[in-house]
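Novice: Here it is, the structure, as structure tokens.
The values are calculated or read from the model by the stated rules, or taken from the named source; none is laboratory data. Everything quoted here is computed from the prediction, not taken from an experiment. A quick note on method: Cβ atoms are made from the backbone with ideal geometry, for glycine too, and the neighbour counts reach across all protein chains shown. Quick note on the areas: whole protein, heavy atoms, side chains included, nothing else; ligands and nucleic acids left out. Shrake-Rupley method; radii C 1.70, N 1.55, O 1.52, S 1.80 Å.
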Amino acid sequence: MSLTAALVGARFLHEAALLVVFGIACFPLYAAPGLARANADFAAWRRGRMAWGAGVATLSGVLWLALTTASMTGDAADAIRWSAIAGTVSDTSFGQLWVARLIGCVLLGLAVWTPRLDAVATVLSALLLASLAGTGHADLPDGTLGLVHRLADGAHLLAAGLWIGALWALGWMVVNLATAPQTEAALRRFSGAGQLAVAVIIITGGLNAYAILGDPLKLLTTAYGRLLDVKLAAFAGMLGLAALNRFVTLPRLAAGESSTALPRLRRQIIGEQALSAVVVIVVAVIGTIDPGG
């Protein structure tokens, strides 16, 4: 495996883990109020998935730091050479940010297992996800445009987490509480929040693309732009499935056609999850290439 491929893998695992943790953490707040307190099975599932996510984020974060060090020095052996990694931490803002983020991942893992600290875990997951805006290409522009880019990128990540991450919690409800009244209500609330998330994703995504590429033609003439086109296509597919859920499947479920609506809903949620994985893979890849190339 090449150094670049390994770095892409570490980025993918880290970003995906934090998206899922944040989405699962927030899901009961807006889609299923009280579910974590009323349903012990959901509470245990939610805590377990968040703990796994925090663990994956921590380990992949360590890999990201080590592999970035090797990428900076051009020597693959530096990925396991403590002196080289320590140099990245002490001499670069990336390294210093990464140490802070790794400490946050460990604290998140501890907070997840303490019910009294559930709100703390949610806030930590939000901060960790949004702080990804300080890595990759988010610091390319200078001045006002750079600040707008970082803020937009942070909002973009949080909105994506509310949608992508929460799909896992929604899937759990559809499978385990298919006929419960709160499931239909959760679907409607999730759909409403999803519309807001989509609006934020579109607006901030446009700002990010402008800050990095500048010229819309680069969407067609550069490798970075063409990869971004793949991300946009996957995002469009997610939008189509979400619209199908909201305007076709959910009304059928409300009309009592659960025998046909529920299997279709499950397939559509799996489809959205698969497309979201494509989105995150593309994000992991484009974070390692030159936007102008």
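Novice: Just give me the residues in the stretch 216-251 being open to solvent by 70 Å² or more (accessible area, probe 1.4 Å) and either outside any helix (DSSP H, G or I) or polar (S, T, N, Q) (or both), in sequence order.
Specialist: Pro216, Leu217, Thr221
Novice: Kindly indicate which of Ala70, Ala51, Ala57, Ala79 is over 23 Å from Asn176 (Cβ atoms), surrounded by fewer than 21 Cβ atoms within 10 Å (Cβ to Cβ) and touching a residue at least 60 places away in the same chain (Cβ under 8 Å).
Specialist: Residue meeting the stated conditions: Ala79.
Novice: Okay, moving on. Name the pairs: first residue in the stretch 1-13 and under 23 Å from Leu128 (Cα atoms), second residue among the aliphatic types (A, V, I, L, M) and open to solvent by less than 30 Å² (accessible area, probe 1.4 Å), Cβ to Cβ under 7 Å, at least 6 apart or on different chains?
Specialist: Matching pairs, first to second residue: Ala6/Leu67; Leu7/Leu67; Val8/Ala284; Ala10/Leu67; Arg11/Ala284; Phe12/Val280; Phe12/Ala284.
Novice: Filter the stretch 189-201 down to residues that are among the aliphatic types (A, V, I, L, M) and exposed (fewer than 14 other Cβ atoms within 10 Å of the Cβ) and give me whichever is nearest to Ala133 (Cα to Cα).
Specialist: Applying the filter and picking the extreme gives Ala199.
Novice: Now, a different point. So, in the stretch 90-131, exactly how many residues are within 19 Å of the chain's Cα centre (by Cα), open to solvent by less than 50 Å² (accessible area, probe 1.4 Å) and without any contact (Cβ under 8 Å) to a residue 24 or more places away in the chain?
Specialist: 1
Novice: Name every residue in the stretch 82-99 that is of a type outside the set (A, V, I, L, M, F, W, C) and farther than 19 Å from Leu132 by Cα, in order of residue number.
Specialist: Ser83, Gly87, Ser90, Asp91
Novice: I've got another one for you. Within the stretch 203-231, which residues are among the aliphatic types (A, V, I, L, M) and within 21 Å of Thr135 (Cα to Cα)?
Specialist: Taking the stretch 203-231 and keeping what is among the aliphatic types (A, V, I, L, M), we get 203, 207, 209, 211-213, 217, 219-220, 223, 227-228, 230.
Selection gives Ile203, Leu207, Ala209, Ala211, Ile212, Leu213, Ala223, Leu227, Leu228.
Novice: Are any residues in the stretch 252-293 of a type in the set (Lys, Arg) and either within 29 Å of Trp64 (Cβ to Cβ) or surrounded by 13 or more Cβ atoms within 10 Å (Cβ to Cβ) (or both), and if so, which ones?
Specialist: Residues of the stretch 252-293 that are of a type in the set (Lys, Arg), as a first pass: 252, 264, 266-267.
Within the stretch 252-293, Arg252, Arg264, Arg266 qualify.
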